[in-house]
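J.: Have a look at the structure that comes next, please.
Where a number appears in this text, it was derived from the coordinates with a stated rule and is not lab data. No experiment lies behind these values; they were computed from the predicted model shown. Every residue, glycine as well, gets a Cβ built from its backbone with ideal geometry; the counts of neighbours run over all protein chains shown.
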Amino acid sequence: MADWDLLLTDARVATLAASAPEYGEIGDGAIAIADGSIAWVGPQKDRPAGKSRKTRSLGGRWITPALIDCHTHLVFAGDRSQEFEQRLNGVSYEEIAKTGGGILSTVRATRAASAKELFDTALPRVRALAAEGVATLEIKSGYGLDVKNELKMLEVARRLGESTDLTIRSTLLAAHTVPPEFDGKADDYIDLIGDELLPEVSKRGLADAVDAYCESIAFSAPQIAKLFRQAIDFDLPVKLHADQLSDGGGAELAAYFNALSADHLEYTSAAGVEAMAAAGAVAVLLPGAFLTLGETRRPPIEALRANGVPIAVASDCNPGTSPICSLRNAMMLASRLFGLTPLECLAGTTREAARALGLSHDRGTLEVGKRADVAIWDISHPRELAYWIGTPQLAELIIGGHTTGP
Ligand code: NIG
Ligand code: FE
């Protein structure tokens, strides 16, 4: 009887283990996989005796944990290229939102689309992320903004997970903005989410977390607090779009509710960073939105580092603020625009991204007991992963111990 299903030898391993320095590099490494999990990883010379059903030499290639995109809105219909042109001509995101465009323009298109249309247009986006090494990703609702259409989006996200090898975590973002039917009645809409949508989502197991947008063009901290209390009653962890365009105390709010993460954070104050550190919330940085909106104020990177806040990086793939369906590009942008080191970018799309999804017990590093989600690369050093733009370097993606298709 074999001890392992797959043994990868002659690999340069970047484990990204938190206990190891830097990338957790093992120069002449091997990794043994059994039942979809990592059974052993370490220097070749220390490998215990054991039989493997299959053994493959990687010829000195680098392997890392498969990448994790922990913040996307990749189920949507239509596009907002016209708004992009408006913004190039000086009209702001807030102005566009206040005149019925922005998120609401994608809501109109998404409501009009069938579940099949949404699935068919989202699938290539999922495949594009997988083609660059992503094995786990998050998808938010938030372009339905009524019971029927939010459920439709979450069902599509679940079906994408069932139809591909990837793990897809879905997040209820019904509190993304106030829908037209509730114009001037945001509190009533929050009640609808809490009283009708959340119970149904929970009953049907359609979401893994609840998110909200805390901003003057979306919801106030007290409105979100009410929703978060209800989410926690349903045993759903929370996360927050926080302090993207102004300091609305979003980081503090997220910390108060022990959020998995607070995302964006361009305007987060020192007190907000300290609150996140105390709560152990992950800072998810979204440089694609920063770039696309032409923002100039960067998230408080130095304060996040100084306070030991874990930093993740995500694509934020969406048609309005981040038409970027590439986590590799987000890594490069996080480096160039925010000054993250290439190591922070890789840790931010593996170990810390897993934490932002509440999955760090199970993935995000190459350590014994974790899921065998492994990316094999044609690179000479992992810093290259935050360096090239649009350059295919993935040699192979192994998900749950199995090689995935092209
Ligand atoms: O993460 N900030 C709010 N939510 C999205 C944008 C969604 C949209 O504009 O369609 C974001 O940037
Ligand atoms: Fe977002």
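J.: With springs only between Cα atoms under 10 Å apart, run a GNM on the chain and tell me which of Ser335, Ser380, Ser105 wobbles the most.
T.: Of the options given, Ser380 has the highest mean-square fluctuation.
J.: Return, for the Cα atoms of segment 145-204, the radius of gyration and Dmax in Å, separated by a comma.
T.: Spelled out, the Cα radius of gyration and Dmax of segment 145-204 are 13.0, 43 Å.
J.: Still on this structure, please answer the following. Largest first, please: the extent of the C-alpha atoms of segment 311-398 along each principal axis, to the nearest Å.
T.: Taking max minus min along each principal axis of the Cα atoms, segment 311-398 gives 37, 30, 23 Å.
J.: May I ask which residue of Ile103, Leu253, Leu7 lies farthest towards the positive end of the charge dipole of the chain, with charges of +1 (Lys, Arg) and -1 (Asp, Glu) on Cβ and the Cα centre as origin?
T.: Highest projection toward the positive end goes to Leu7.
J.: Taking only C-alpha pairs under 8 Å that are 6+ residues apart, what is the relative contact order of segment 282-406 in percent? Display every interim value, and only then the final one.
T.: Details: 205 pairs, mean separation 27.6, N = 125.
This gives 22 percent for segment 282-406.
J.: What is the percent of Cα-Cα separations in segment 17-94 that go past 16 Å? Each step should come with its number before you reach the end.
T.: Details: 2115 of 3003 pairs.
More than 16 Å apart: 70 percent of the Cα pairs in segment 17-94.
J.: Ok, one more. Diagonalise the Cα gyration tensor of segment 198-342 and give the resulting equivalent ellipsoid semi-axes, square root of 5 times each eigenvalue, largest first, whole Å. Can you show the working numbers first?
T.: Working: eigenvalues 119, 62, 40 Å².
One finds semi-axes of 24, 18, 14 Å for segment 198-342.
J.: What is the distance in Å between the Cα centroid of segment 2-73 and that of segment 231-298?
T.: Taking the Cα centre of segment 231-298 as reference, the centre of segment 2-73 is 33 Å away.
J.: For Asp208, enumerate residues with amide H under 5 Å from its amide H, sequence gap 5+ or separate chain, H modeled in the peptide plane.
T.: Excluding prolines and chain starts, which carry no amide H, the hits are Ser170, Thr171, Leu172.
J.: Of Gln44, Gln244, Gln82, which has the largest mean-square fluctuation in a 10 Å C-alpha GNM of the chain?
T.: Of Gln44, Gln244, Gln82, the Gaussian network model singles out Gln82 as fluctuating most.
J.: Further, regarding this structure: Grab the alpha carbons of the chain, take their convex hull, and tell me the volume per residue in Å³. Don't jump to the answer; show the numbers that get you there.
T.: On the way: hull volume 52.8 nm³, N = 406.
Residue-normalised Cα hull volume stands at 130 Å³.
J.: Another one. In straight Cα distance, which aspartates and glutamates are under 12 Å from Lys148, not counting same-chain residues fewer than 8 positions off?
T.: Cα-Cα hits under 12 Å: Glu196, Glu200.
J.: Let me ask something else about it. Please work out the Cα convex hull volume for segment 38-81 and give it in Å³ per residue.
T.: On the way: hull volume 8.4 nm³, N = 44.
It is 190 Å³ per residue.
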